[in-house]
Amino acid sequence: MIETILDIQSLRVSLPTDRGVLNAVRGVDLQIKRGQTLCLVGESGCGKSLTAMSIMGLLPRYAQVTSDRFEMVGQDLSKKTEAKLAKMRGRDVAMIFQDPTSALNPTLTIGRQLTEGVMRSEGLSRKEADARAIELLDRVGISNPAARLTQYPHGFSGGQRQRIMIASALMGRPRLLIADEPTTALDVTIQAQILQLLGELQSDLGLSILLITHDLGVVAAIATEVAVMYAGRIAECASASDLFATPMHPYTKGLLAAIPVPGVTPRGCELPAIPGRVPGLIGTMNGCAFRDRCAHSLSRCADDPVPQYYPGTGRFVECVKAAEAET
Amino acid sequence: MIPFISKRLFVALCVCLTVSALSFALMFLSGDPAIAIAGSGGRAEDAEAIRIAYGFDRPIVVQYFDWVGSALVGNLGQSIYFNVPVTEIIGNRVGVTLTLGFISFFVALVVAIPLGIAAALRPNGWIDRIALVIAVSGQAIPSFWLGLMSIVVFGVWYGWVPISGAASWQGYILPVIVLSYYAVPELMRITRSGMIEVLGTDYIRAAKAKGLPMRLVISRHALRNAVLPLVSLAAVQLGQLLSGSIVIESVFALNGLGRLAWESLLRSDLPVVQAIILILALLYVLLTTLADILNAVLDPRLRGAS
């Protein structure tokens, strides 16, 4: 049996606001096994970044987090103190960010930023830490890495900085890498290179990756598993091939239908879009969050709980229609 | 780094030249200085004699270079009122102002920076609220009033400190408190806003994601970026404190530069006024240049540009 790196059940994150409690994450289940790349897909504000931040333990102090299970590499995170969580960061789980120009501190050298974590956590000497940094910079494709350690971030291009961020995240040899929109701020050719690099590193190092994106092109390029998130819940979860071949949730279907396919979609025609808007998440909500935008909605869609349907190994859909259609 | 510093120094030199020309021109802004020196009862012949004695009859450009030339070798002219070298008068007064200014600056930084950081770590927390009260009251209360009240309370009622003068070190206690209370709000607010901005950046999240303890995240990653605007402001603040608050020195009867400038203005002792303005202006140029260089040391991005 393949080791489970991350196992979350019923994760809830709420943020107090002036207009009431914002239930940003409303019961999310996620599982990542060793060597998997799980893509968490959804539009802005659906709670995917907050889910990632709660795994890192980096939510703002005022956020309220509850869960039925929150385990990483076999350890229960919900019972750990802040100091113990800090020790896991960088070593068990590491993170890369959307904008590589702002994720590196402009006033510290690359070498310092790469080595400071492991020199503390593993007690490496400067020399050992530098050696690992040089090895990783070389691995992520930064040329002449030894000389680069003394340079500052502003001397590097956006793509190079994202490579440096990846090297920095891998310094502590983490088991799980969380990548929050790692290619959104990069141009398309660099995007492809970064995704390829992540894929290579994953197979070389046996890394598990949780990649957050709103771009289904990125999903197609790198995901082994996909979780589609909508309004703070997972609408559908499946292997990447199943999801693209047979989407089951109406939201997933809508997303896939909105992607133009070269040679198939006629030129100049209007692309299908999902009508309506994302519901507000302040206060409680019953039934399916997508029902107001759904072409197939029924009166039962407003009932709680929304039926969940497990059509195969690792596959999961939360929808009245999908559950009925198959049973 | 060296090209950056030499560029900054060149700009500073240009500013110094402009400033010296402006403060020289002051002498002639208020009318014919020879008539002013001759006084209200002076005859035309007296003014003419003074004009020749002081060299006011020469072309103004010649006078300017003459003045700059002697200023460069430390001769700022003669006080019209005391008839002794200006440098001597200023030398007697500058110590009080420097002591008061530097101590107040130090006290203000020691109070403002930790308070600003603590306020930024928990915005709207109780420390932040206390800091806000201090900042608002510090900006709202005029320093002459605070000075007078503190003299009444601590000097007259309790008798803990001397009422005026700088004969003993206790004489500095109240002026330092009043002057630093004036400087704290701005320094604290800029530390707070800088810290809040920096703490929200991705590189702070990245530093936390490396597992660094909060103490290191703040001292190594946040503070260094947050102090950049503070350095520039602190240079200007130090300039203000050193230019000798006229009000504070008058209230506490301290014989510093500010008070000298005020008295010299009343006495129309223009060479002294001119010299004080020149010295203070050069001091500002020096401080802002030092602040720019310090910022470039802290932030490598500044070294390449400008």
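Every number here is computed from the coordinates shown, using simple stated rules; none is lab data. Keep in mind that what you see is a predicted model, and the values were worked out from it rather than measured. Cβ: placed from backbone, ideal geometry, glycine included. Neighbour counts: every protein chain shown.
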> Cβ under 11 Å from B:Ala119's Cβ, B:Ala119 left aside: what net charge do those residues give with Lys, Arg +1 and Asp, Glu -1?
Replying inline: +3
> Order of A:90-99, A:38-47 by packing, highest average Cβ count within 10 Å first?
Replying inline: A:90-99, A:38-47
> Around B:Leu76, which amide H atoms from residues at least 5 apart in sequence, or from another chain, sit under 5 Å from its own amide H, with H modelled in the peptide plane?
Replying inline: B:Val86, B:Thr87
>> Please arrange A:Glu181, A:Glu200 by how many other C-beta atoms lie within 10 Å of their C-beta, fewest to most.
In response: A:Glu200, A:Glu181
>> What is the distance in Å between the Cα centroid of the stretch B:1-74 and that of the stretch B:126-146?
In response: 42
> On average, how much area does the Cα convex hull of chain A cover when viewed from any direction, in nm²?
Replying inline: 19.0
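Starting from 0.36 nm per residue, how many nanometres of slack lie between A:Ala146 and A:Asp215 once their C-alpha separation is accounted for?
Numbers: separation 69, 0.36 × 69 = 24.84 nm, distance 3.50 nm.
Residue separation times 0.36 nm, minus the Cα-Cα distance, leaves 21.3 nm.
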> Tell me, what ³J(HN,Hα) does each residue in the stretch A:77-88 have, in order and in whole Hz, if you take phi through Karplus 6.51 cos²θ - 1.76 cosθ + 1.60 with θ = phi - 60° and put x for Gly and Pro?
Replying inline: 6, 5, 9, 8, 6, 4, 5, 6, 5, 4, 5, 6
> According to a simple spin-label model (label point 7 Å from Cα along Cα-to-Cβ), what is the distance in nm between A:His154 and A:Leu271?
Replying inline: 3.7
> What would the Debye formula give as log10 I(q)/I(0) at q = 0.07, 0.09, 0.12, 0.13 Å⁻¹ for the alpha-carbon point model of chain B, no solvent?
Replying inline: -0.38, -0.61, -0.94, -1.04
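When all alpha-carbon pairs of the stretch A:176-327 are counted, what percent fall beyond 22 Å? Can you show the working numbers first?
Working: 5679 of 11476 pairs.
Percent of Cα pairs beyond 22 Å in the stretch A:176-327: 49.
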> Can you give the convex hull volume of the alpha carbon atoms of the stretch A:276-327 per residue, in Å³?
Replying inline: 96
> In whole Å, what is the distance between the alpha-carbon centres of the stretch A:36-109 and the stretch A:266-327?
Replying inline: 28
> With axes computed from alpha carbons, what is the tilt in degrees of helix B:173-199 against the longest principal axis of chain B, rounded to the nearest 10 within 0 to 90?
Replying inline: 50
>> Nothing charged except the Cβ atoms of Lys and Arg (+1) and of Asp and Glu (-1): what's the magnitude of the dipole of the stretch A:103-173 about its Cα centre? Round to the nearest 20 debye.
In response: 80
>> Can you give the FRET efficiency to the nearest 0.05 for B:Phe28 and A:Asp187, using r as the Cβ-Cβ distance and R₀ = 60 Å?
In response: 0.45
>> Nearest 10 degrees is fine. How inclined is helix B:86-121 to the longest principal axis of chain B, computing both from alpha carbons?
In response: 20
> Tell me, A:Lys127, B:Lys210 in order of fewest to most beta-carbon neighbours within 10 Å?
Replying inline: A:Lys127, B:Lys210
> Rounded to the nearest 5, what % of the DSSP beta bridges within the protein assembly as shown are antiparallel ones?
Replying inline: 65
>> Principal axis extents for the protein assembly as shown, Cα atoms only, whole Å, descending order, please.
In response: 118, 59, 57
>> To the nearest 20 Debye, how big is the dipole of the protein assembly as shown about its Cα centre, given +1 on the beta carbon of each Lys and Arg and -1 on that of each Asp and Glu?
In response: 1100
>> Translational diffusion coefficient of the stretch A:15-100 at 4 °C, 1.567 mPa s, Stokes-Einstein with Kirkwood Rh over Cα pairs, in µm²/s as a whole number.
In response: 89
>> Compute the helix-to-body angle for B:2-29: its Cα long axis versus the longest principal axis of chain B, expressed 0 to 90° and rounded to tens.
In response: 40
> What ³J(HN,Hα) values, in whole Hz, does the Karplus curve 6.51 cos²θ - 1.76 cosθ + 1.60 give for the stretch B:215-223 when θ = phi - 60°, with x put for Gly and Pro?
Replying inline: 4, 6, 4, 6, 6, 8, 9, 7, 4
>> So the label point goes 7 Å from the Cα of B:Met214 along Cα→C-beta, right? Which residues of the stretch A:68-90 then have their backbone N under 19 Å from it?
In response: A:78-90
>> Using the Cα centre of chain A as origin and beta-carbon charges of +1 (Lys, Arg) and -1 (Asp, Glu), tell me which of A:Val73, A:Gly27, A:Phe156 is placed farthest towards the positive end of the dipole.
In response: A:Phe156
> Separation between the B:Val136 and B:Cys14 pseudo-spin-labels, each 7 Å from Cα along Cα→Cβ, expressed in nm?
Replying inline: 4.4
> If we count other beta carbons within 10 Å of each Cβ, what is the order of B:Ser164, A:Ser241, A:Ser203, B:Ser79, fewest first?
Replying inline: A:Ser203, A:Ser241, B:Ser164, B:Ser79
> At a Förster distance of 25 Å, what's the computed FRET efficiency of A:Thr81 paired with A:Val21, Cβ-Cβ distance as r, to 0.05?
Replying inline: 0.45
